[in-house]
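Reviewing the structure listed below.
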Amino acid sequence: MHMTITTGSYHCGETTWEYSGAPVWSGYCHCDDCRRNCDAPLVAWLGVPLESFRWTGSAPVTRLSCPGCKRHFCDTCGTPLGLGADHYPGDMHLYAASLEDPTQFTPEFHVFWSAKLPWLAMDDDLPKYDTSLADSAPELRER
C-alpha cells in the first residue's frame, strides 16, 4: 500500500515539512493571536497528526505566543511555520499557503468567527464557530 506524502515550504526555503496520510481537519481561524502572528486578516490551517509529521531542512525556532500555544518560526527568515497547542494534543497546525500545492486545500469551517474583522467579506456556506476547534461542536472535537 502506498502512503501519500504531502510536503510544504516557506519563504526562504530553509525549513520545510512533510507528513504522510491525510489532514485531520482544515479551516480558517479569525482569532487575534493568529492574525497578529501572520499580519493577515485570517489564517488558513490544516491539522495533521504529530505521529505522521516531521520538519525537514533546517529546524524551526519556537516561542510561546499565548498560554499553551507554541508557534514555530524559520530561524533564517523569521517566517511563521506552524503551531502546536496543548488544547490540540497530538496535532501540528500547518499554514495551508505553505503546501507545495496550496490549491489542494479545502477548508471545512471557520473558528473564532465572532472575531472576524468587519471589513473582511466571506460569503461561503461553511460552518462558523465562535470558539476554537477544541471548544466547538462535538464532531470537531473528536478529530
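Those strands (runs of 3 or more DSSP E) of region 23-109 in which 2 or more residues are of a type in the set (D, E, K, R) and out of contact with any Cys (no Cβ under 7 Å at 6 or more places or on another chain) occupy 69-73.
Regarding Ala115, is this residue out of contact with any Leu (no Cβ under 9 Å at 6 or more places or on another chain), surrounded by 12 or more Cβ atoms within 10 Å (Cβ to Cβ), over 19 Å from Ser20 (Cβ atoms) and not basic (Lys, Arg)?
Numbers: out of contact with any Leu (no Cβ under 9 Å at 6 or more places or on another chain): yes; surrounded by 12 or more Cβ atoms within 10 Å (Cβ to Cβ): yes; over 19 Å from Ser20 (Cβ atoms): yes; not basic (Lys, Arg): yes.
Answer is yes for this residue.
In the set Arg54, Arg71, only one residue is within 21 Å of Pro23 (Cα to Cα) and surrounded by 14 or more Cβ atoms within 10 Å (Cβ to Cβ); that residue is Arg71.
Matching residues to (1) buried (at least 20 other Cβ atoms within 10 Å of the Cβ); (2) at pLDDT below 95; (3) closer than 26 Å to Pro127 by Cα:
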{"position": "Tyr10", "(1), (2), (3)": "yes, yes, no"}
{"position": "Gly13", "(1), (2), (3)": "no, yes, no"}
{"position": "Val24", "(1), (2), (3)": "no, yes, yes"}
{"position": "Arg63", "(1), (2), (3)": "no, yes, no"}
{"position": "Pro107", "(1), (2), (3)": "no, no, yes"}
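Conditions tested, residue by residue: (1) in contact with a helix residue (DSSP H, G or I) (Cβ under 7 Å, 6 or more places away or on another chain); (2) in contact (Cβ under 8 Å) with a residue 40 or more places away in the chain; (3) of a type outside the set (Phe, Trp, Tyr).
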| position | (1), (2), (3) |
| --- | --- |
| Thr6 | no, yes, yes |
| His11 | no, yes, yes |
| Thr16 | no, yes, yes |
| Tyr19 | yes, yes, no |
| Val24 | no, yes, yes |
| Gly27 | no, yes, yes |
| Asp32 | yes, yes, yes |
| Cys38 | no, yes, yes |
| Leu46 | yes, yes, yes |
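The set of residues in region 65-95 that are more than 16 Å from Arg36 (Cβ to Cβ) and touching a helix residue (DSSP H, G or I) at 6+ places or on another chain (Cβ under 6 Å) comprises Gly90, Met92.
The values are calculated or read from the model by the stated rules, or taken from the named source; none is laboratory data. Every value quoted in this text rests on a predicted model; they were computed, and no experiment measured them. All Cβ positions, even for glycine, are placed from backbone atoms using ideal geometry, and neighbour counts span all protein chains on display.
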